[in-house]
Amino acid sequence: MSQDSKTEAKEGGGLLRRVFGLGGHETAGTGAHSGSGAKTTLDLGDIQGSILRGYKMPMVRHFLLTVGVPAEARRILGRLVGGDEADAPQITTAEDWHVGFEPGPGDNPADVPRRKPDYCLNLGITWPGMLALEIKERVPALSFKSFGAFVDGAAERARLVGDTGESDPQHWIGGFGKGSDHVLVTLHAIGPDAMTSYSDRLSALFVEGNAFREVWRADGMALMEVRHGEPVPTFKVHFGYIDGISMTTIRGGPERYPPDHQQPCEPWLFVLRDEAENYFVPEPRELGLNGSFAVFKMIKTDVVGFESYLQSNKDKIAPELLAAKICGRWRNGTPLALSPDTDSPPVGIPPEQLNNFEYVNADGSGDPKGLRCPVGAHMRRINPRGHPVTGQGRPGGSNNTHRLIRRGMPYGPLSTILRNPTTASSAGCLAISSTQVLRTSTSSCSDIGPTTANLPERSGCTLSRGTQ
């Protein structure tokens with residue numbers, strides 16, 4: 001960690017400092033609801049970084065912890081926001097920085113990074129985790145009255161998102177959904193040395209005073225390809241598609257993305273805010289404000305099965321065209337909406353324009369019947385843009401009622417899968433998705449479940465929710 005990346009403790013400090021730094025009982029303030037608070041600038045130092053920005057680091061490690069000794073566990077979590085990097089790795093906030101193996105959107109590659117850490121750290125706490133940490137005893141007024149899905153837990157609501165059969169909670173690995181899934185810690189790293197160093201530091205912290213017991217861990221890593229004789233990380237997933245082209249823009253957020261036809265999402269859709277239109281910030285306000293909700297999911301990808309399906313239909317449709325229609329983009333990222341017949345249009349499409357298109361324009365023109373890009377294509381279902389859907393019936397509207405923020409990383413080596421198809425189940429995607437708060441409050445992820453987003457991946461295995 002370079003000296004300029006060390007930060008000093010800040011006022012506020014987010015959920016962890018506000019809760020685990022409490023010396024006694026905390027009382028609730030007045031609940032905020034329905035736009036009762038004036039719009040304010042986002043306090044990026046009080047929001048976990050993974051909610052508002054992508055880290056662009058090539059590897060990630062997830063630790064699932066169960067609480068041992070509550071007082072010791074609270075003390076350890078408090079040290080993660082204590083501001084002393086020498087004492088413990090620190091939670092990464094959404095404050096501005098330029099980091100990663102490639103410059104972020106809007107960054108000038110020639111500029112010297114303002115702050116370039118070699119790791120990023122975030123965590124989520126489930127409702128059973130909050131109980132195990134004895135937060136209810138320390139904060140008697142604790143309330144998530146607008147967020148029954150969080151209190152119910154992922155296993156209770158699994159059928160709403162299609163987690164049945166092999167994806168049923170009884171098959172979830174690592175203790176997920178069993179009540180012992182208390183804290184999920186996510187560590188991103190710039191390279192293997194940093195991953196090893198900070199993992200060792202965290203593992204040592206977890207066991208101090210029997211604070212936590214690690215019940216599961218999993219690693220993800222960007223798929224590599226050779227350029228100019230050197231291996232470099234890519235944005236590809238196991239199915240061969242380039243990922244991360246379409247990004248959700250948050251009004252007032254730190255990221256600057258290439259243009260598209262959609263209005264930025266209001267920040268209260270993803271970050272718990274006083275000006276929210278349809279939920280109460282969890283009480284006490286000091287706990288809920290600037291927090292968020294997220295879903296962790298481990299997704300198996302049956303690469304061999306997917307490729308076999310494409311080839312089995314080659315007499316009806318070219319395999320690469322079928323792959324494009326399933327996703328909504330050609331595997332190189334070219335959208336069907338801009339190039340329905342080829343992944344290499346004659347005039348070309350600049351990278352900054354790969355997300356600058358609409359499905360249905362304000363006058364109803366465009367592709368309302370899905371002749372260019374099928375209405376059922378993965379990316380069109382996840383983000384229908386201007387296509388009228390329930391809750392947004394106006395052609396050309398921004399349709400921000402179906403937006404997600406997803407931070408995912410492949411796991412398992414693709415080369416091994418292709419050499420030995422029997423290993424296909426050992427690879428896929430580890431993803432943390434921040435669903436819109438207004439959706440989370442009413443139906444968990446059911447609005448992006450089997451009726452809205454049938455992914456080509458095989459869904460399931462693990463699911464956990466935590467406040468971020």
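Among the residues of segment 143-159, is any on the phi > 0 side of the Ramachandran plot, in contact (Cβ under 8 Å) with a residue 40 or more places away in the chain and not polar (S, T, N, Q)? Yes, segment 143-159 has at least one match.
Filtering segment 318-336 for residues that are within 24 Å of ASN383 (Cα to Cα), touching a strand residue (DSSP E or B) at 6+ places or on another chain (Cβ under 9 Å), at pLDDT 95 or above and among the basic types (Lys, Arg) leaves a non-empty set. If the condition is being within 28 Å of TYR411 (Cβ to Cβ) and over 16 Å from the mean Cα position of the chain (by Cα), then segment 231-253 contributes PRO231, VAL232, PRO233, THR234, LYS236, HIS238, PHE239, GLY240, TYR241, ILE242.
Filtering segment 349-364 to residues that are in a loop (DSSP other than H, G, I, E, B) and either among the basic types (Lys, Arg) or over 15 Å from PRO384 (Cα atoms) (or both) leaves ILE349, PRO350, LEU354, ASP363.
Screening VAL207, VAL237, VAL271 for residues that are modelled with pLDDT of 90 or more, over 26 Å from ALA155 (Cα atoms) and crowded, with 20+ Cβ neighbours inside 10 Å leaves exactly one candidate, VAL237. Evaluating ARG157 against the criteria (1) among the charged types (D, E, K, R); (2) assigned to a strand (DSSP E or B); (3) crowded, with 16+ Cβ neighbours inside 10 Å leaves one unmet condition, (2).
Just a yes or no: is a residue in segment 241-264 buried (at least 17 other Cβ atoms within 10 Å of the Cβ), touching a Lys or Arg at 6+ places or on another chain (Cβ under 6 Å) and more than 30 Å from VAL281 (Cα to Cα)? Yes, segment 241-264 has at least one match. Set side by side, the residues MET224, MET195 differ, and just one is touching a strand residue (DSSP E or B) at 6+ places or on another chain (Cβ under 8 Å) and surrounded by fewer than 20 Cβ atoms within 10 Å (Cβ to Cβ), which is MET224.
Within segment 332-351, if we keep just the residues that are of a type in the set (A, V, I, L, M, F, W, C) and without any contact (Cβ under 8 Å) to a residue 40 or more places away in the chain, the residue that is surrounded by the most Cβ atoms within 10 Å (Cβ to Cβ) turns out to be ALA337. Can you pull out every residue in segment 224-252 that is farther than 23 Å from GLU352 by Cβ and touching a residue at least 40 places away in the same chain (Cβ under 8 Å)? Result: HIS238, PHE239.
For (1) surrounded by 19 or more Cβ atoms within 10 Å (Cβ to Cβ); (2) outside the structural domain of ASP243 (by TED's automatic domain parsing); (3) at pLDDT 65 or above; (4) over 25 Å from the mean Cα position of the chain (by Cα), each residue gets a yes or a no:
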| position | (1), (2), (3), (4) |
| --- | --- |
| GLN353 | no, yes, yes, no |
| GLY370 | no, yes, yes, yes |
| MET379 | yes, yes, yes, no |
| PRO388 | no, yes, yes, yes |
| GLY397 | yes, yes, yes, no |
| ILE405 | yes, yes, yes, no |
| TYR411 | yes, yes, yes, no |
| GLN436 | yes, yes, no, no |
| THR440 | yes, yes, no, no |
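A single member of GLY191, GLY253, GLY174 is in contact with an Asp or Glu (Cβ under 9 Å, 6 or more places away or on another chain), outside the structural domain of PHE306 (by TED's automatic domain parsing), small (Gly, Ala, Ser) and modelled with pLDDT under 90, and it is GLY174.
The values are calculated or read from the model by the stated rules, or taken from the named source; none is laboratory data. This structure is a prediction, so every number in the text was calculated from the model and none was measured. Cβ atoms come from the backbone with ideal geometry, glycine included; neighbour counts cover every protein chain shown.
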